[in-house]
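*Asks:* This is the structure, below, for whatever I ask next.
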Amino acid sequence: MTQRYQLAQVNIGRAKAVMEDPVMADFAARLDDVNALAEASPGFVWRLQTEAGNATSLRPYDDERIMVNLSLWETPKALRAFVYRSAHTEVMRRRKEWFEKFDGMYYALWWVPAGHIPTVEEAKARLEHLRASGETAHAFSFAKLFPAPDAPDARPVTGFADPCPASG
């Protein structure tokens, strides 16, 4: 059976300094490894990147220190395995060293038709929708995971998220 939908995710963070600052050096040094880990992970489809191989130079917000991460995954389980159950957690545990605490939602999930590559503007709109309207099938989180539009059961699943390694 051909997969009709893929899971998009966006997350943003406000860096404590510009990427060239020594406070961000360890984060910058880990980027290539984390990106390679994502790309090698089962269920990975695509990630936002410039010719440099990452998205740290993109500035979709007026605040120059807000960074964006945008990717596509085959399933929520595949994304969860990468986020919460891979070497990615080692980097997440150190998030507070490199990023300020963010007020409100800093990540959103949504379903896209297979083959659709979401834009940064689309991702920003989904995140804003989640902030303004709460979790709906249009934008949601792991805490209230909505199934793909073609799923036989449209009810969201709660409790899908693992504890966040960054909050420990």
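No value in this document is a laboratory result; all are computed from the given coordinates. The shown structure was predicted, so the numbers you read here are calculated from the model rather than taken from an experiment. Positions of Cβ are backbone-derived with ideal geometry, glycine not excepted, and every protein chain shown enters the neighbour counts.
*Asks:* Of V68, V83, which residue is closer than 23 Å to R30 by Cβ, hydrophobic (A, V, I, L, M, F, W, C) and not in a strand (DSSP E or B)?
*Replies:* Matching residue, one of V68, V83: V83.
*Asks:* What's the number of the condition K16 fails, among (1) surrounded by 14 or more Cβ atoms within 10 Å (Cβ to Cβ); (2) more than 19 Å from Y106 (Cα to Cα)?
*Replies:* K16 satisfies every listed condition except (2).
*Asks:* Another question, then. For the structure I just gave you, tell me whether T89 is among the polar types (S, T, N, Q) and in a loop (DSSP other than H, G, I, E, B).
*Replies:* no
*Asks:* Would you mind stating whether L127 is under 24 Å from P60 (Cα atoms) and in contact (Cβ under 8 Å) with a residue 60 or more places away in the chain?
*Replies:* So L127 passes the test.
*Asks:* Based on this model, can you work out whether V34 counts as assigned to a helix (DSSP H, G or I) and crowded, with 18+ Cβ neighbours inside 10 Å?
*Replies:* Answer is yes for this residue.
*Asks:* Can you report the number of residues in the stretch 37-53 which are within 21 Å of Y84 (Cα to Cα), out of contact with any Lys or Arg (no Cβ under 8 Å at 6 or more places or on another chain) and part of a loop (DSSP other than H, G, I, E, B)?
*Replies:* So the answer is 3.
*Asks:* Continuing with this model, one more query. Might you let me know whether the stretch 120-139 holds any residue that is closer than 29 Å to M24 by Cβ and part of a loop (DSSP other than H, G, I, E, B)?
*Replies:* Within the stretch 120-139, none of the residues are closer than 29 Å to M24 by Cβ and part of a loop (DSSP other than H, G, I, E, B).
*Asks:* More than 27 Å from A15 (Cβ to Cβ), among the aliphatic types (A, V, I, L, M) and out of contact with any helix residue (DSSP H, G or I) (no Cβ under 9 Å at 6 or more places or on another chain): is that true of A137 in this structure?
*Replies:* So A137 passes the test.
*Asks:* Right, here's the next one. Can you report the number of residues in the stretch 99-119 which are part of a loop (DSSP other than H, G, I, E, B) and within 11 Å of Q9 (Cβ to Cβ)?
*Replies:* Residues in the stretch 99-119 being part of a loop (DSSP other than H, G, I, E, B) and within 11 Å of Q9 (Cβ to Cβ): 1 in total.
*Asks:* Now for a different question. Give R95, R65, R126, R80 a once-over and let me know the one that is surrounded by 14 or more Cβ atoms within 10 Å (Cβ to Cβ), over 16 Å from the mean Cα position of the chain (by Cα), under 30 Å from K16 (Cβ atoms) and not aliphatic (A, V, I, L, M).
*Replies:* R65
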